């Protein structure tokens, strides 16, 4: 075994240096040079201030904005650090709900959200993504149906015609990649930024 | 289920299949020590390393020397990683000011990365500094994968050689796997991932003011360089807590697709390396076919189950499939496909929360791991795991016709079968033994977040994932406790080394044997009959061992879900 020690030590140190430092640092340099905005986290600035990342969802609650999906992320309880409290779209602590298909807690939560949404837009089927939490709790997207479902509420809150908002949503729909991969979607932050721009004009 | 979903799945299989031959040819050259197109750059580096390390590249090792080298190397790697995690608070590259990792969590995480499991008791963005992510985790992602590939190559040489004591040099195989295979692919892959929006920065977490005026702290970091090797090396430990579901760890449908391909590509190509080295590529294709059959069956079941969303969602009249725990940009098909791939291989990265899968949708990932991750499997580990089953299958076939079993001209005798059984049996011992323990002690029962059979599934999944060196989880389980951190770590160690060492023993024993020329009585091992036999042996061994535990967890939960039953937690 002892004659194995030298190769083991030397290779460990060398591999640590190459794969643990040289590789990630070189990649950081190259990526920062070729794709500076993306490497930094696809941040969006308005008036010189960072308002978010185009890839990270935000917790929209007002009736005058389109809402993202429910989020199960949490944060440490300010009153008691050993406990956690719900903190939707906490981008420093991603997580899903981890509730299973026979969970009573899941049934209660979904039913509550369903009742709220049905009251908001009666007679329309509720898209499933509006009542389910995403895997990361930071899903930036909703389905096109989920965006269209919210049009009456936003139109009322902003006092704009529904047709105008439907056009706005239609313009924000991203199709499947290469027409094949993933699912069609609407980026909620981008949609709401466009909504604010609409109001300014 | 949609036509588009099936097309996405079919295209995936086609792309992986198309890559098998070219990558297999390249890796064969690498491990035979031949020149490749990267040699002009890498050969001088390689020679320099060997000179400093005192390695003679032509000096080969016996199976004991090979195993010893691997163990010493992994042990030192473990000590280094443990030290980095414990000291991260005083080391550089720690903009989020993470404190030292607790001893039990550091033990669990070091074990997890050295064994290529990458179980996440830690929550990336809330626990680890950038230095720990790079120097600790990224580095181990490379070398643990490289050791897996090395052991598979040693076993292949055992079959390919005759009347010799040596299997090659662990040092050379490990170095070449890292420098010639993993690193070059990762460099290209990292840049692709950044082009899709994956961060690669040493800057600190960003504070944003949302449109509604709230403060949002956004965790970033050197993500892409780690994710590239995390997928390619079937490691699977996330930079972020939510792993590949996190938009920064998997920004687009295209990044998702390439991540899925990178999980399978080396494992699949190693079957071709096997075929080439034993001098008959058909032997490799036969093994890949057996893997492929099991894989496609698993994908079909999980996709169907997730599209139907049996349980709470369907009871409430929602259609559109089980989107709880899934991301909009991937949808049902790409999430179900990912779940089956990541558990068929020993990757364990997740792009959707397996804990929130339907009972039957979550059953398949569980079975994939319980079968020993032989469906493509971890890089190296999948091939040597499947070759263990091949030995058992050949033995069973030999018993049926009453002659000494042979495989590729090697007589399969008592020693090989005993070692194969040792490798196979240590997995259920860890998976079922610890599950049984956790369901009777209070420290274990404190873990599950879900009540009823799903809570049992959470425990079973954890130990299954640990022993199979997968690393995915039913994440509701509170596993960052002394009890779970230590028992899971034991499961990982046994699941890794009590398979690898018997495999090397088999390799040593096979290499020493003479090659017997094929005769009319030799059972052909490249045809449909052999593929069927192999699939049958894998399924029967898995079924006999694990059916009772599955019946208590996902199967009973499925019937409860159909009946509309729900379970509330006591507290």
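The values are calculated or read from the model by the stated rules, or taken from the named source; none is laboratory data. Being a predicted model, the structure only gives us computed values, none of them experimental. Cβ sites come from the backbone with ideal geometry, for glycine too, and all protein chains shown count toward neighbours.
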Exercise for review: Could you please find all residues in the range B:190-212 being more than 10 Å from chain A (Cβ to nearest Cβ) and either outside any loop (DSSP other than H, G, I, E, B) or free of Cβ contacts under 8 Å to residues at least 60 places away in the same chain (or both)?
Suggested key: B:192
Practice item. Quickly run through the range A:90-116 and pick out the residues that are at the interface with chain B (Cβ under 7 Å from one of its Cβ atoms) and either within 22 Å of residue B:244 (Cβ to Cβ) or in contact (Cβ under 8 Å) with a residue 24 or more places away in the chain (or both). Key: A:91, A:92, A:93, A:94, A:95, A:96, A:97, A:98, A:99, A:100, A:101
Check your understanding: Quick check: is even one residue across the range B:456-471 under 26 Å from residue B:566 (Cβ atoms), not in a helix (DSSP H, G or I) and not assigned by TED's automatic domain parsing to the domain that holds residue B:123?
Key -> no
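Across the range A:119-130, what is the total count of residues that are more than 10 Å from every other protein chain (Cβ to nearest Cβ), in a helix (DSSP H, G or I) and touching a helix residue (DSSP H, G or I) at 6+ places or on another chain (Cβ under 8 Å)? Step through it out loud before you land on a result.
Initial filter on the range A:119-130 (more than 10 Å from every other protein chain (Cβ to nearest Cβ)): A:119-124.
If we keep only those that are in a helix (DSSP H, G or I) too, we end up with A:119-120.
Of the ones still in play, those that are also touching a helix residue (DSSP H, G or I) at 6+ places or on another chain (Cβ under 8 Å) are A:120.
Residues in the range A:119-130 being more than 10 Å from every other protein chain (Cβ to nearest Cβ), in a helix (DSSP H, G or I) and touching a helix residue (DSSP H, G or I) at 6+ places or on another chain (Cβ under 8 Å): 1 in total.
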Point to revise | Top-ranked residue in the range A:47-60 [being touching a residue at least 60 places away in the same chain (Cβ under 8 Å) and out of contact with any strand residue (DSSP E or B) (no Cβ under 8 Å at 6 or more places or on another chain); ranked as nearest to residue B:215 (Cα to Cα)] | key: A:60
Review point. Which condition number in (1) in a helix (DSSP H, G or I); (2) surrounded by fewer than 20 Cβ atoms within 10 Å (Cβ to Cβ); (3) modelled with pLDDT under 95 is the one that residue B:25 fails?
Key: (3)
**Study point:** Test set (1) surrounded by fewer than 16 Cβ atoms within 10 Å (Cβ to Cβ); (2) more than 7 Å from every other protein chain (Cβ to nearest Cβ); (3) free of Cβ contacts under 8 Å to residues at least 24 places away in the same chain - residue A:148 fails condition number
**Key:** (1)
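Would you say residue A:25 is modelled with pLDDT of 95 or more, under 22 Å from residue B:45 (Cα atoms) and either at the interface with chain B (Cβ under 9 Å from one of its Cβ atoms) or touching a strand residue (DSSP E or B) at 6+ places or on another chain (Cβ under 8 Å) (or both)?
So residue A:25 fits the description; yes.
Against the condition surrounded by 24 or more Cβ atoms within 10 Å (Cβ to Cβ) and in a loop (DSSP other than H, G, I, E, B), how does residue B:220 come out, does it pass?
Working: surrounded by 24 or more Cβ atoms within 10 Å (Cβ to Cβ): yes; in a loop (DSSP other than H, G, I, E, B): yes.
Considered against the rule, which asks whether it is surrounded by 24 or more Cβ atoms within 10 Å (Cβ to Cβ) and in a loop (DSSP other than H, G, I, E, B), residue B:220 comes out as yes.
Residues that are buried (at least 24 other Cβ atoms within 10 Å of the Cβ), within 14 Å of chain A (Cβ to nearest Cβ) and in contact with a helix residue (DSSP H, G or I) (Cβ under 8 Å, 6 or more places away or on another chain): find the helices (runs of 4 or more DSSP H) completely inside the range B:321-422 holding 2 or more of those. Working first, answer last.
Details: elements: B:331-344, B:359-370, B:381-401.
Ranges flagged: B:331-344, B:359-370.
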Exercise for review: Would you mind telling me which numbered condition in (1) in contact with a helix residue (DSSP H, G or I) (Cβ under 6 Å, 6 or more places away or on another chain); (2) touching a residue at least 24 places away in the same chain (Cβ under 8 Å) residue B:54 fails?
Suggested key: (2)
Exercise for review: Output the residues belonging to the range A:165-182 that are touching a residue at least 12 places away in the same chain (Cβ under 8 Å), over 16 Å from residue A:155 (Cα atoms) and touching a helix residue (DSSP H, G or I) at 6+ places or on another chain (Cβ under 7 Å).
Suggested key: A:172, A:173
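Within the range B:5-16, identify whether any single residue is under 17 Å from residue B:181 (Cα atoms) and in contact with a helix residue (DSSP H, G or I) (Cβ under 6 Å, 6 or more places away or on another chain), and answer yes or no. It would help to see each step written out before you state the result.
Going residue by residue through the range B:5-16, those that are under 17 Å from residue B:181 (Cα atoms) are B:16.
Adding the requirement that they be in contact with a helix residue (DSSP H, G or I) (Cβ under 6 Å, 6 or more places away or on another chain) leaves B:16.
There is at least one residue in the range B:5-16 that is under 17 Å from residue B:181 (Cα atoms) and in contact with a helix residue (DSSP H, G or I) (Cβ under 6 Å, 6 or more places away or on another chain).
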Exercise for review: Just name the residue that is farthest from residue B:164 (Cα to Cα) out of those in the range B:45-60 that are facing chain A (nearest Cβ under 10 Å) and buried (at least 17 other Cβ atoms within 10 Å of the Cβ).
Suggested key: B:49
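Would it be correct to say that residue B:291 is crowded, with 24+ Cβ neighbours inside 10 Å and not in a loop (DSSP other than H, G, I, E, B)?
Details: crowded, with 24+ Cβ neighbours inside 10 Å: yes; not in a loop (DSSP other than H, G, I, E, B): yes.
So residue B:291 passes the test.
Yes/no matrix, rows are residues, columns are (1) crowded, with 17+ Cβ neighbours inside 10 Å; (2) modelled with pLDDT of 95 or more; (3) closer than 30 Å to residue B:455 by Cα:
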{"position": "B:519", "(1), (2), (3)": "no, no, no"}
{"position": "B:524", "(1), (2), (3)": "no, no, no"}
{"position": "B:527", "(1), (2), (3)": "no, no, no"}
{"position": "B:531", "(1), (2), (3)": "yes, yes, no"}
{"position": "B:534", "(1), (2), (3)": "yes, yes, no"}
{"position": "B:541", "(1), (2), (3)": "yes, no, yes"}
{"position": "B:544", "(1), (2), (3)": "no, no, yes"}
{"position": "B:552", "(1), (2), (3)": "no, yes, yes"}
{"position": "B:557", "(1), (2), (3)": "yes, yes, yes"}
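Let me confirm something: among B:485, B:480, B:450, which residue is farther than 29 Å from residue B:389 by Cα, in contact with a helix residue (DSSP H, G or I) (Cβ under 8 Å, 6 or more places away or on another chain) and within 12 Å of chain A (Cβ to nearest Cβ)?
On the way: B:485 fails: within 12 Å of chain A (Cβ to nearest Cβ); B:480 fails: within 12 Å of chain A (Cβ to nearest Cβ).
The match here is B:450.
Taking the options B:472, B:465, name whichever one is closer than 12 Å to residue B:369 by Cβ and within 14 Å of chain A (Cβ to nearest Cβ). Break it down into steps so the answer makes sense when it comes.
On the way: B:465 fails: within 14 Å of chain A (Cβ to nearest Cβ).
Checking each option against the conditions leaves just B:472.
Is one or more of the residues making up the range B:227-244 at the interface with chain A (Cβ under 7 Å from one of its Cβ atoms), touching a helix residue (DSSP H, G or I) at 6+ places or on another chain (Cβ under 8 Å), surrounded by 18 or more Cβ atoms within 10 Å (Cβ to Cβ) and touching a residue at least 60 places away in the same chain (Cβ under 8 Å)? Spell out how you get there, then give the answer.
From the range B:227-244, those at the interface with chain A (Cβ under 7 Å from one of its Cβ atoms) are B:240-242; that's our starting set.
Now restrict to residues that are touching a helix residue (DSSP H, G or I) at 6+ places or on another chain (Cβ under 8 Å): B:240-241.
Add one more test, that the residue is surrounded by 18 or more Cβ atoms within 10 Å (Cβ to Cβ), and what stays is B:240-241.
Still in the running and touching a residue at least 60 places away in the same chain (Cβ under 8 Å): B:240-241.
Yes: the range B:227-244 contains one or more residues that are at the interface with chain A (Cβ under 7 Å from one of its Cβ atoms), touching a helix residue (DSSP H, G or I) at 6+ places or on another chain (Cβ under 8 Å), surrounded by 18 or more Cβ atoms within 10 Å (Cβ to Cβ) and touching a residue at least 60 places away in the same chain (Cβ under 8 Å).
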Check your understanding: With B:275, B:311 as the choices, which residue is crowded, with 24+ Cβ neighbours inside 10 Å, more than 21 Å from residue A:137 (Cα to Cα) and more than 23 Å from the chain's Cα centre (by Cα)?
Key -> B:311
Revision key, fill the gap. Within the range B:71-88, the residues that are within 20 Å of the chain's Cα centre (by Cα) and more than 10 Å from chain A (Cβ to nearest Cβ) are B:78
Study note, to complete from the structure: In the range B:213-226, residues that are out of contact with any strand residue (DSSP E or B) (no Cβ under 9 Å at 6 or more places or on another chain) and more than 9 Å from every other protein chain (Cβ to nearest Cβ) total 1
Review point. Does residue B:136 meet the test of being at the interface with chain A (Cβ under 10 Å from one of its Cβ atoms) and surrounded by fewer than 23 Cβ atoms within 10 Å (Cβ to Cβ)?
Key: no
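Given the residues A:76, A:63, which is the only one that is over 23 Å from residue B:330 (Cβ atoms), out of contact with any helix residue (DSSP H, G or I) (no Cβ under 6 Å at 6 or more places or on another chain) and more than 8 Å from chain B (Cβ to nearest Cβ)?
On the way: A:63 fails: out of contact with any helix residue (DSSP H, G or I) (no Cβ under 6 Å at 6 or more places or on another chain).
Every option except A:76 fails the conditions.
Does residue B:158 meet the test of being free of Cβ contacts under 8 Å to residues at least 60 places away in the same chain and buried (at least 24 other Cβ atoms within 10 Å of the Cβ)? Show your work before the answer.
Working: free of Cβ contacts under 8 Å to residues at least 60 places away in the same chain: no; buried (at least 24 other Cβ atoms within 10 Å of the Cβ): yes.
It is false that residue B:158 is free of Cβ contacts under 8 Å to residues at least 60 places away in the same chain and buried (at least 24 other Cβ atoms within 10 Å of the Cβ).
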